[in-house]
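Let me begin by presenting the structure, written as structure tokens, before commenting on it.
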Amino acid sequence: MTAPTPLTQDELKTLVGQAALQYVVPGEIVGVGTGSTVNKFIEALASMKNEIKGAVSSSVASTERLQALGIPVFDANEVESLAVYIDGADEIDGNGYMVKGGGAALTREKIVAALAQRFVCIADESKLVPALGAFPLPVEVIPMAARHIARRFKAMGGDATIRLKDGQPLVTDNGQHILDVRGLQVTDPLAFESAINQWPGVVTVGVFAHQKASVCLLGTATGVKTIAY
Ligand code: 5RP
């Protein structure tokens, strides 16, 4: 007998995107993140579009996908709270602390996550790490502060570079820039997030410790593993 072909990363993303449907509360508005894994969730959510009021989205890209499927998108200011927020991660550790922002949507992601009672992280198993820090840490910054902030990271042992798109600094949905910081050790995610948030010119740091995951649906070779924090 031949061994089954391992699932591709794309198939794992589809699996967790579909598995996240069980956390969507009928009759409510769902918080929707950004990224290739969330895109699978959005596709799956179309099958429930008549059972939900709609979504609050964390990016222009996700808004466009939701609307194209006929799912109404509400402004975050129109809701007081959300039962659930579903989003991916670039890294997630054993406490549900995450690094996010690989898709440059970290600020709106953190805002929508803060509205939600429950953060359901959907990820393939490559995202599960023993400690945060291998993935370059995204930090959304006010452009005039970028060099100053880069020097502060250098003093901590980090190497910060401005994220480019088509040879120019990438401009986020909020009109700001992204620094990607390599070489940092994030040993205390809660303290780290609080500290960096205080720096003038930092809009959002991509460590999600105060808005950590409540549950992670991890796509593995043997299926979806549910990790509750
Ligand atoms: C976007 C994010 C994404 O959640 C993160 O980058 C994971 O993306 P993907 O599902 O494509 O791997 O934080 O800002």
Pair list, Cβ < 9 Å and 6+ apart or interchain, from the stretch 24-43 residues that are at positive phi and part of a loop (DSSP other than H, G, I, E, B) to residues that are among the small types (Gly, Ala, Ser) and within 16 Å of the ligand (Cβ to nearest atom)
Gly35/Ser59; Gly35/Ala61; Gly35/Ser62; Gly35/Gly88; Gly35/Ala89; Gly35/Gly102; Gly35/Gly103; Gly35/Ala105
For the stretch 104-111, check the following and say yes or no: at least one residue is over 29 Å from Gly175 (Cβ atoms) and more than 8 Å from the ligand (Cβ to nearest atom).
no
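If I ask for residues that are aliphatic (A, V, I, L, M) and exposed (fewer than 15 other Cβ atoms within 10 Å of the Cβ), which ones from the stretch 177-201 would you list? Can you show your working first?
Quick first cut of the stretch 177-201, residues aliphatic (A, V, I, L, M) only: 178-179, 181, 184, 186, 190-191, 195-196.
Result: Leu190, Ala191, Ala195.
Go through the stretch 137-229 and tell me which strands (runs of 3 or more DSSP E), entirely inside it, have 3 or more residues that are modelled with pLDDT under 95.
none
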Testing Thr37 on (1) at pLDDT below 95; (2) of a type in the set (S, T, N, Q); (3) near the ligand (Cβ under 10 Å from one of its atoms), one condition comes back false. Which one is that?
(1)
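Please specify each residue of the stretch 1-22 satisfying the condition of being of a type outside the set (Val, Ile, Thr) and within 16 Å of the ligand (Cβ to nearest atom).
Applying the first criterion (of a type outside the set (Val, Ile, Thr)) to the stretch 1-22 yields 1, 3-4, 6-7, 9-13, 15, 17-22.
Selection gives Leu7, Gln9, Asp10, Glu11, Leu12, Lys13, Leu15, Gly17, Gln18, Ala19, Ala20.
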Residues that are among the β-branched types (Val, Ile, Thr), free of Cβ contacts under 8 Å to residues at least 24 places away in the same chain and surrounded by fewer than 24 Cβ atoms within 10 Å (Cβ to Cβ): does the stretch 109-126 have at least one?
no
Which ones in the stretch 63-95 are more than 16 Å from the ligand (Cβ to nearest atom), part of a helix (DSSP H, G or I) and either among the basic types (Lys, Arg) or under 18 Å from Lys49 (Cα atoms) (or both)?
Gln67, Ala68
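The values are calculated or read from the model by the stated rules, or taken from the named source; none is laboratory data. Here the structure is a predicted model, which is why all the values come from computation and not from measurement. Methodologically, a virtual Cβ is constructed for each residue, glycine included, from the backbone with ideal geometry; neighbour enumeration extends over all protein chains shown.
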